[in-house]
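The numbers here are math on the coordinates, done by the rules we state, and not lab data. Computed from a predicted model, the values in this text were never measured in an experiment. All Cβ positions, even for glycine, are placed from backbone atoms using ideal geometry, and neighbour counts span all protein chains on display.
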Amino acid sequence: MRHPHRERRHDRADIGWKGEKRMTDWTSLSFVVVDVEGNGGQPPDLVELAAVPVIGGVIGKPLSWLVKPDAPITHFATRIHGLTNEAVADCPSFEAVTRNVLAALNADALVAHNAHVDLGVLTRKLPDWTPPEVFDTLKLARRLVPGLDSYRLESLTKAFSLSEELPNDLTPHRATYDALVTARLLTQLATKAPNLKELRGQPPREADEDALF
């Protein structure tokens with residue numbers, strides 16, 4: 001099932017994004033920024049996925065999929081992202097969209113906020129997929145912008161005005177919104193590293209503070 005935002009372009013030129021545009025060699029890589037919204041199970045199953053390409057340092061058009069999970073969405077998860085079992089009752093299974101998802105994930109590097117959660121869901125749903133290099137914006141932010149009170153995506157979105165000029169029908173905790181602000185966060189953080197080697201530097205070991213619902 002195509003999400004209504006799939007065909008809409010949300011790149012900087014179209015939405016007035018005023019983020020820094022200084023380019024370094026990080027732009028030599030192609031990135032795909034992903035966000036997964038889950039069903040609240042343990043381990044979580046995928047309900048919604050968004051993928052946003054970043055090519056040459058430019059944020060591209062997001063793709064997103066709503067799917068019917070193998071297990072029902074919990075009430076707690078619905079309170080977070082607003083997706084209900086009724087809303088996805090007629091959606092395809094993940095298997096039905098696998099080919100399109102794999103095409104969207106074809107990049108030099110994958111990016112997510114608290115990436116091990118999204119990566120865990122994707123590798124369970126795509127057992128034959130080999131993930132590319134992974135950049136975790138949660139860990140990057142802790143390393144490149146030390147001293148903030150919180151590194152949750154919501155807090156970083158406010159700190160860097162990452163939701164500026166996004167359409168009103170995009171909301172936090174939905175996959176397209178979260179993937180777009182994470183893509184913007186990546187471009188902001190990349191300007192704070194002098195080169196790709198520094199961007200790839202190992203962050204300090206800290207407990208992850210976000211969770212996938």
Inset, instruction - Among the residues of the stretch 116-155, count how many are assigned to a helix (DSSP H, G or I) and farther than 22 Å from A77 by Cα. - result: 7
Legend entry - Breaking point among (1) under 15 Å from the mean Cα position of the chain (by Cα); (2) part of a loop (DSSP other than H, G, I, E, B); (3) closer than 21 Å to S28 by Cα, for K192: (1)
Inset, instruction - Being among the β-branched types (V, I, T) and out of contact with any His (no Cβ under 7 Å at 6 or more places or on another chain) is the filter; apply it to the stretch 140-195 and report the residue that is surrounded by the most Cβ atoms within 10 Å (Cβ to Cβ). - result: V181
Legend entry - Those residues of the stretch 104-130 which are over 22 Å from V58 (Cα atoms) and surrounded by fewer than 17 Cβ atoms within 10 Å (Cβ to Cβ), in sequence order: H116, G120, T123, R124, L126, P127, D128, W129, T130
Legend entry - Odd one out for S163, checked against (1) among the polar types (S, T, N, Q); (2) under 24 Å from G40 (Cβ atoms); (3) touching a helix residue (DSSP H, G or I) at 6+ places or on another chain (Cβ under 8 Å): (2)
Legend entry - Among residues of the stretch 50-73, those that are assigned to a strand (DSSP E or B), under 20 Å from S163 (Cβ atoms) and touching a strand residue (DSSP E or B) at 6+ places or on another chain (Cβ under 9 Å), counted: 8
Inset, instruction - Would you please list the contacts, defined by Cβ atoms under 7 Å and residues six or more apart or on different chains, that run from a residue in the stretch 89-113 that is touching a residue at least 40 places away in the same chain (Cβ under 8 Å) to a residue that is of a type in the set (K, R) and assigned to a helix (DSSP H, G or I)? - result: F94/K125
